[in-house]
1. Whether any residue in region 170-191 is surrounded by fewer than 20 Cβ atoms within 10 Å (Cβ to Cβ) and within 16 Å of ligand 2 (Cβ to nearest atom) is what I want to check.
2. Can you tell me which residues in region 1-32 are hydrophobic (A, V, I, L, M, F, W, C) and more than 11 Å from Gly58 (Cα to Cα)?
3. Taking the stated definitions as given, is Val33 over 28 Å from Val143 (Cβ atoms), crowded, with 20+ Cβ neighbours inside 10 Å and in contact with a strand residue (DSSP E or B) (Cβ under 9 Å, 6 or more places away or on another chain)?
4. Identify the residue in region 1-20 that is among the polar types (S, T, N, Q) and without any contact (Cβ under 8 Å) to a residue 40 or more places away in the chain and, among all such residues, is nearest to Lys210 (Cα to Cα).
5. Could you list, in sequence order, all residues of region 22-31 that are at negative phi and part of a strand (DSSP E or B)?
6. Of the conditions (1) under 16 Å from the mean Cα position of the chain (by Cα); (2) acidic (Asp, Glu); (3) at pLDDT below 95, Asp159 clears all except one; give me its number.
7. Can we say Ile61 is within 16 Å of ligand 2 (Cβ to nearest atom) and within 22 Å of the chain's Cα centre (by Cα)?
8. Of Leu207, Leu156, Leu162, which residue is within 16 Å of ligand 2 (Cβ to nearest atom) and touching a strand residue (DSSP E or B) at 6+ places or on another chain (Cβ under 6 Å)?
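The values are calculated or read from the model by the stated rules, or taken from the named source; none is laboratory data. Keep in mind that what you see is a predicted model, and the values were worked out from it rather than measured. Positions of Cβ are generated from backbone atoms using ideal geometry, with glycine treated the same way; all protein chains shown enter the neighbour counts.
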Amino acid sequence: MSDYLELQGIRKRFGSANVLDEVNLQIREGELVTLLGPSGCGKSTMLRCIAGLSDIDGGRILLDGKDIANLPPRSREIGMVFQAYALFPNLTVSQNIEYGLKMRGVDKAARKSRSEELLAIVELTDKRDAYPQQLSGGQQQRVALARSLAVRPKVLLLDEPLSALDAQIRKNLRSEIRAIQRQFNMTTIFVTHDQEEALTLSDRVCLMNKGRIVQEGAPEAIYTKPRTEFVARFMGSYN
Ligand code: ADP
Ligand code: MG
């Protein structure tokens, strides 16, 4: 399988700080890659640059063979879910899920059929007419996931989608996300600062530090064969 999303030498500065320092990353279609690393290492910035919410200062972003770095966010065909549920509070669950389709001029019947399909997948069919504040945190994140999938993005970016949730809900939702990701064969970048989450969820882990990917590989290799002391310490395999 060839690379589907390819980041080549991505650079991002804020003032004099190199927040992304020549980052290279290749992701195959259907792969779930985790970006793992301490707070402030550049994970969110990386996702924002891929989604087009931040401009890059150098490098290329290739999606399915096309350089998307200069396209506006909506033309990039990339879905994103954030840590804090960013649902529209004044729209119902269905309306939230259908929002992106409506913006793209999809007719009502097609929107309805797509949102019903996604409601079934995230098991919230009975909540279709509820408002976000009537839902638990975990349910809100399932709506956010359904909303981002509704427009059939080519890539899904998840920025610490579970970190605001309780431990048990986090575990359940972790396996739900993985199941849905596999069902759709959705190329996904999952950002977390939680080592266990990264090790259990991903096909491949990229460990970041200070704007660079310092080691990448299969989850077990990152844990058992850390190449630097930073990696060993961060993964908790240092003793
Ligand atoms: P992470 O998601 O890994 O915690 P971020 O990507 O949010 O890290 O931030 C990486 C670095 O970039 C941090 O030092 C942060 O303070 C800085 N940064 C992020 N966004 C901005 C911004 N809009 N302006 C200035 N500095 C920023
Ligand atoms: Mg972040």
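1. Within region 170-191, none of the residues are surrounded by fewer than 20 Cβ atoms within 10 Å (Cβ to Cβ) and within 16 Å of ligand 2 (Cβ to nearest atom).
2. Pass one, region 1-32, residues hydrophobic (A, V, I, L, M, F, W, C): 1, 5, 7, 10, 14, 17, 19-20, 23, 25, 27, 32.
Met1, Leu5, Phe14, Ala17, Val19, Leu25, Ile27, Leu32 - these are the residues of region 1-32 that are hydrophobic (A, V, I, L, M, F, W, C) and more than 11 Å from Gly58 (Cα to Cα).
3. Values: over 28 Å from Val143 (Cβ atoms): no; crowded, with 20+ Cβ neighbours inside 10 Å: yes; in contact with a strand residue (DSSP E or B) (Cβ under 9 Å, 6 or more places away or on another chain): yes.
Considered against the rule, which asks whether it is over 28 Å from Val143 (Cβ atoms), crowded, with 20+ Cβ neighbours inside 10 Å and in contact with a strand residue (DSSP E or B) (Cβ under 9 Å, 6 or more places away or on another chain), Val33 comes out as no.
4. Filtering region 1-20 for residues among the polar types (S, T, N, Q) gives 2, 8, 16, 18.
If we keep only those that are without any contact (Cβ under 8 Å) to a residue 40 or more places away in the chain as well, we get 2, 16.
Details: Ser2: 29, Ser16: 14 Å.
Filtering region 1-20 for residues that are among the polar types (S, T, N, Q) and without any contact (Cβ under 8 Å) to a residue 40 or more places away in the chain, the one nearest to Lys210 (Cα to Cα) comes out as Ser16.
5. First pass over region 22-31, keeping only residues at negative phi: 23-29, 31.
The answer is Val23, Asn24, Leu25, Gln26, Ile27, Arg28.
6. Of (1) under 16 Å from the mean Cα position of the chain (by Cα); (2) acidic (Asp, Glu); (3) at pLDDT below 95, only one is false for Asp159: (3).
7. Numbers: within 16 Å of ligand 2 (Cβ to nearest atom): no; within 22 Å of the chain's Cα centre (by Cα): yes.
So Ile61 does not fit the description; no.
8. Working: Leu156 fails: within 16 Å of ligand 2 (Cβ to nearest atom); Leu162 fails: touching a strand residue (DSSP E or B) at 6+ places or on another chain (Cβ under 6 Å).
The match here is Leu207.
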